[in-house]
1. Accessible area of the chain with a 1.4 Å probe: how many percent of it is carbon plus sulfur?
2. Leaving out ligands and nucleic acids, and using a 1.4 Å probe, what accessible area per residue does the chain come to in Å²?
3. Compactness ratio of the range 18-116: Cα Rg over 2.2 N^0.38 Å, N = residue count?
4. Go through 110, 67, 131 and say which Cα lies farthest out towards the positive end of the charge dipole of the range 41-146; charges sit on Cβ, +1 for Lys and Arg, -1 for Asp and Glu.
5. Give the peptides 67-75, 106-114, 9-17, 120-128 in descending order of average Cβ contacts within 10 Å, highest first.
6. Going by Cα centres, the range 68-102 and the range 183-211 are how many Å apart?
7. Compute the Cα gyration tensor for the range 96-211, then decide on rounded, prolate or oblate, letting a ≥ b ≥ c be the square roots of its eigenvalues: rounded whenever a/c is under 1.5, prolate when a/b is larger than b/c in the other cases, and oblate in all that remain.
8. Just how large is the dipole of the chain about the Cα centre, in debye to the nearest 20, putting +1 at every Lys and Arg Cβ and -1 at every Asp and Glu Cβ?
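The values are calculated or read from the model by the stated rules, or taken from the named source; none is laboratory data. Note that this is a predicted model, so its numbers are computed, not measured. With ideal geometry, Cβ positions are generated from the backbone for all residues, glycine too; neighbour counts draw on all protein chains shown. The area values use the complete protein model at the heavy-atom level, side chains included, leaving out ligands, DNA and RNA. Shrake-Rupley method; radii C 1.70, N 1.55, O 1.52, S 1.80 Å.
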Amino acid sequence: MRCTVFGATGGTGTQLVRQALDAGHEVTAVVRDPGRLDVRHERLEIVTAEVTDDATLRPAVRGRDVALSALGATGNRTAGIASRGTRAILRALEAEGVPRYLGVSAVPVGPTPPGENPLFRVTLAPLVRRVFREVYADLAAMEAVIRESSVEWTIVRPPQLTDESLSGSYQRSMGGAVPRSHRIARADLAHAMLAMVDEAATVRQVVGVAA
């Protein structure tokens, strides 16, 4: 498989790069600062590009089978990058005929799932949404952009991300969040995304992933 990873210097993006290489795939990592990606491999191409400019992204996705994006804001002050960057990415994919796209969103973008515990539903979830309102508004706008795309997309919604090692053990929920599960390792999120690439049931679906 030939894949392009956006947001490759972040925690989830780096895991996507490493795990895709470990699985034998050819990887193009799109970054702003190559020095921040501590991965080198004969099957890895590192491309420096402005992620909001679809013209500069086209060479990075040309001839690829799939693009995976872990692009997102680090806080309210940088909100906007997810929707703007994703719009440019999808334009580049459509222009180059890349068929598949998977992008990371977040659990708070969607409704609280049935079966969630009352404390989380009434107190914690509203608090998180309020504190990071700009981040989640950006991700909601990003999801709208993805849904309008002609590519075979999957939106992946994880809860809180951690830096724990890959376990390979996690839950999935088609259409929304996994109830009563509020954490997942970035390594497991990346593992889940790579597993979904060839899974037809996840095409044009929102998929919740949690430990």
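1. Working: 4750 of 9770 Å².
The nonpolar share, carbon plus sulfur, comes to 49 percent.
2. Values: 9770 Å² over 211 residues.
About 46 Å² of surface per residue is accessible.
3. Values: Rg = 15.0 Å, N = 99, 2.2 N^0.38 = 12.6 Å.
For the range 18-116, the normalised Cα radius of gyration comes out at 1.19.
4. 131
5. Details: 67-75: 22.0, 106-114: 18.1, 9-17: 23.8, 120-128: 14.3.
Top to bottom by mean Cβ count within 10 Å: 9-17, 67-75, 106-114, 120-128.
6. 17
7. Working: a/c = 1.89, a/b = 1.31, b/c = 1.44.
It comes out oblate by the Cα gyration axes.
8. Working: 25 positive and 23 negative charges, 116 e Å.
The calculation lands at about 560 debye.
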